[in-house]
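Everything below concerns the one structure shown next.
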Amino acid sequence: MSPGGGRRAGDYQPTIWAAGAVVYRMRDAEPEILLVHRPRYGDWSLPKGKLDRHESFKACAEREVYEETGVSGVVERAIGTVGYVTPAGNNKVVRYWLIRAKDESFSPNSEVDKIRWLRPKKAREKASYGRDVAVLRAGALMAQERVPGTVFVVRHADAGSRKKWKKSDSVRPISKKGHEQVEALVTRLVRTPINAIVSSPSLRCEQTVGPLAQLLGLKVKQSKLLRGNVPLEDVLRLINEAKGTRTVLGTHREAVGPLIEHLAADPRVDVSGKLEWPKGSIWELTTRRGRVTRARLIPPA
């Protein structure tokens, strides 16, 4: 997230708020995605722009699409929020929506001199920024009504020794090493369009996923179903409820271990990576209709 690598996760403060869209139209039962060319930057990207004062994200997305491309349409659903650092070093947070085009009347303007309607694969290849690719992919799948979900199951970052902690275990904070792991977690997930972040009420879990939520302007929802020693059925229920979204779940070893062992024993689930869940690790679960079809370990930094 930081070009110089010297900023800590707790230092991130969103400074530029923006909204954009994956705009699509159907041709021969397949979607075409709209990309814009900005002569100022010489790039191809998704239409987006800064929020006006008191403007909602949704309204901003609609306005920016129309101003840049002359396209008006129907806002169908939220895709998610991503964040990155601009060349000037500012944090930028963009919330994306899926818009189906109805009317088109493009004229070159000061921001956009060309537009292209492309099939999803071609659009991903032409996009100038890797951060747009995940958004493009998610939007195209939504347009085709083939919407897989992604659940990132995060075991809390390092929190020192439980035995040495004299207060309630629920308020045990993450350690210096834990803060470094959180920094890596933010870097890995910030460019993935995220819809929701849910955490165990324990402080160390909230501190692990909180900086990502803060950066993306999302609220961390607490759930008792993510506490340690919860029944496996409760965790599976949360995963099912997250179907069709990209959701982060912050929890404990006692919840992650049984979940991954359960998935590894299911022949319908493609599991890649060692069957382990160290502190600060992420298990990326792909879901369809609420059922996990793939699980991949992302080790901690």
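Figures for the structure shown
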{"item": "Given (1) within 15 Å of residue 82 (Cα to Cα); (2) surrounded by fewer than 17 Cβ atoms within 10 Å (Cβ to Cβ); (3) not aliphatic (A, V, I, L, M), index of the condition residue 214 fails", "result": "(2)"}
{"item": "Extreme residue, surrounded by the most Cβ atoms within 10 Å (Cβ to Cβ), among residues of the range 103-121 that are under 13 Å from residue 32 (Cα atoms) and not hydrophobic (A, V, I, L, M, F, W, C)", "result": "120"}
{"item": "Members of the range 267-301 that are modelled with pLDDT under 95, surrounded by 13 or more Cβ atoms within 10 Å (Cβ to Cβ) and more than 21 Å from the chain's Cα centre (by Cα)", "result": "273"}
{"item": "Breaking point among (1) buried (at least 17 other Cβ atoms within 10 Å of the Cβ); (2) hydrophobic (A, V, I, L, M, F, W, C); (3) touching a helix residue (DSSP H, G or I) at 6+ places or on another chain (Cβ under 8 Å), for residue 133", "result": "(1)"}
{"item": "Residues of the range 115-150 classified as charged (D, E, K, R), more than 17 Å from residue 49 (Cβ to Cβ) and in contact with a strand residue (DSSP E or B) (Cβ under 7 Å, 6 or more places away or on another chain), total", "result": "3"}
{"item": "Which numbered condition residue 104 misses (of (1) in the same structural domain as residue 232 (by TED's automatic domain parsing); (2) in contact with a Lys or Arg (Cβ under 9 Å, 6 or more places away or on another chain))", "result": "(1)"}
{"item": "Selected residue (criterion: modelled with the highest pLDDT) from residues of the range 1-33 that are small (Gly, Ala, Ser) and surrounded by fewer than 14 Cβ atoms within 10 Å (Cβ to Cβ)", "result": "29"}
{"item": "Qualifying residue in the range 34-46 (condition: surrounded by 14 or more Cβ atoms within 10 Å (Cβ to Cβ) and assigned to a loop (DSSP other than H, G, I, E, B))", "result": "yes"}
{"item": "Residue identified as assigned to a helix (DSSP H, G or I) and of a type in the set (Asp, Glu) among 111, 145, 125", "result": "125"}
{"item": "Residues that are among the acidic types (Asp, Glu) and on the phi > 0 side of the Ramachandran plot, drawn from the range 20-55", "result": "28"}
{"item": "Sole exception among (1) at pLDDT 95 or above; (2) assigned by TED's automatic domain parsing to the domain that holds residue 28 for residue 204, by number", "result": "(2)"}
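The values are calculated or read from the model by the stated rules, or taken from the named source; none is laboratory data. Just so we're clear, the structure is a prediction, and the values are computed from it rather than from any experiment. Counting neighbours? That spans all protein chains shown, and the Cβs are built from the backbone with ideal geometry, glycine included.
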